[in-house]
1. Looking at 157, 178 in this structure, which one is free of Cβ contacts under 8 Å to residues at least 12 places away in the same chain and within 19 Å of the chain's Cα centre (by Cα)?
2. Would a scan of region 117-133 turn up a residue that is closer than 30 Å to residue 30 by Cβ and either in a loop (DSSP other than H, G, I, E, B) or at pLDDT 85 or above (or both)?
3. Need pairs with beta-carbon distance below 6 Å; first residue under 19 Å from residue 63 (Cα atoms) and at pLDDT 85 or above and within region 76-104, second in a loop (DSSP other than H, G, I, E, B) and of a type in the set (Asp, Glu); sequence gap 6+ or separate chains.
4. Report every pair of residues separated by at least 6 positions or lying on different chains whose Cβ atoms are under 8 Å apart, first residue within region 1-22 and surrounded by 18 or more Cβ atoms within 10 Å (Cβ to Cβ) and hydroxyl-bearing (Ser, Thr, Tyr), second part of a strand (DSSP E or B) and at pLDDT 50 or above.
5. Hey, among 250, 216, 237, which residue is of a type outside the set (Gly, Ala, Ser), at pLDDT 95 or above and touching a strand residue (DSSP E or B) at 6+ places or on another chain (Cβ under 8 Å)?
6. Identify the single condition in (1) surrounded by 14 or more Cβ atoms within 10 Å (Cβ to Cβ); (2) closer than 20 Å to residue 179 by Cβ; (3) not charged (D, E, K, R) that residue 228 does not satisfy, given that it satisfies every other one.
7. Go through 204, 188 for me and flag whichever is assigned to a helix (DSSP H, G or I), aliphatic (A, V, I, L, M) and modelled with pLDDT of 95 or more.
8. Looking at region 195-225, which of the residues that are touching a residue at least 40 places away in the same chain (Cβ under 8 Å) and more than 15 Å from residue 238 (Cβ to Cβ) is surrounded by the fewest Cβ atoms within 10 Å (Cβ to Cβ)?
Amino acid sequence: MTLLNTQTIKARTRIHHLGLPARDLLVVQSMFRIQADLAERYVFGDSSTGDLVDLVFVNADDHGALASWERLRQQRPEVVPIMVSDHERRSLSNVWVQRPLDFRNFSSLLDAITSADINRPGTRDLPLDSGVLRVLVVDDSFPARQFIKIKLEEQAAKNQMQVAIDFADSGERALEVAAGSEYDVVFLDVEMSGMDGFETCAQLKKVRPRLRVAMLTGKVHSTDFQRGRAAGCDNYLAKPPNDADLRTVLHLTSFKKITLKK
């Protein structure tokens, strides 16, 4: 997934489908036309451009669609599926929707999937002395949060680390969350609506002085770097960050965590 380097324009969540019959497509497309606010946050297309996708509706009753989803999942593990079926099903790993599609709560469904709700299994139940790195990802773009999540999990697995990741979709929310949880590292977007990353970083450092903050931005000018340093950030990374940069931040965080325990 290629993220925008111009951070003044946030990427809308891209939704495609695999194998939905015409009647299902009509319902979904109608909902996007009826609910104009959805167009501000989401883009709906078909599977012909499946390389640019964040969410995908999958016809779970069609073997071809399931095979296509499996290939897409292998290539792009950050993509989130919404499984559509004639039968009622439950799964902890996927979202299931039963036909006939009734999308009176369509917006709520999508918002629930793409939300940065902190009230979910994550860092909250971890003991502070565990070897797990407690991570907070702060970005007001769902695609960006998904990208960072997958990359962090990949690097942790490759380097025999464990990470538990929470999310916040604004600077204000990040401060609320950090006040009640002792994170080891925060990956913080610079350009966000409301409180920007520089102010968020400065406030986070007041709440948690030992917290490592890695700022993520498409702005790589020296003046922006200096603003980040002045705000107290420990690392200033180009967005999207490369594997080496993420690996370095995780290693430095792990080393600090081990040192502070001694």
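1. On the way: 178 fails: free of Cβ contacts under 8 Å to residues at least 12 places away in the same chain.
Among 157, 178, only 157 is free of Cβ contacts under 8 Å to residues at least 12 places away in the same chain and within 19 Å of the chain's Cα centre (by Cα).
2. Taking region 117-133 and keeping what is closer than 30 Å to residue 30 by Cβ, we get 117.
Next cut, either in a loop (DSSP other than H, G, I, E, B) or at pLDDT 85 or above (or both) only: 117.
Within region 117-133 (the criterion being closer than 30 Å to residue 30 by Cβ and either in a loop (DSSP other than H, G, I, E, B) or at pLDDT 85 or above (or both)), the answer is yes, since at least one residue qualifies.
3. Sorted first by the residue in region 76-104, then by its partner, the pairs are 85/61; 86/61; 98/88; 99/86.
4. Sorted first by the residue in region 1-22, then by its partner, the pairs are 13/42; 13/43; 13/55.
5. Numbers: 216 fails: at pLDDT 95 or above; 237 fails: at pLDDT 95 or above.
After applying the criteria, what remains is 250.
6. Looking at each condition in turn, residue 228 falls short on (2).
7. Numbers: 188 fails: assigned to a helix (DSSP H, G or I).
One residue alone meets the criteria, 204.
8. In the first step, residues of region 195-225 are kept if they are touching a residue at least 40 places away in the same chain (Cβ under 8 Å); the result is 197, 200, 210, 212, 216-219.
Cutting the leftovers down to more than 15 Å from residue 238 (Cβ to Cβ) gives us 200, 210, 212.
On the way: 200: 28, 210: 10, 212: 21.
So the residue we want is 210.
The values are calculated or read from the model by the stated rules, or taken from the named source; none is laboratory data. Note that the structure is a prediction, hence the values are computed from the model and not measured. As a convention, Cβ positions derive from the backbone with ideal geometry for all residues, glycine included, and neighbour counts pool all protein chains shown.
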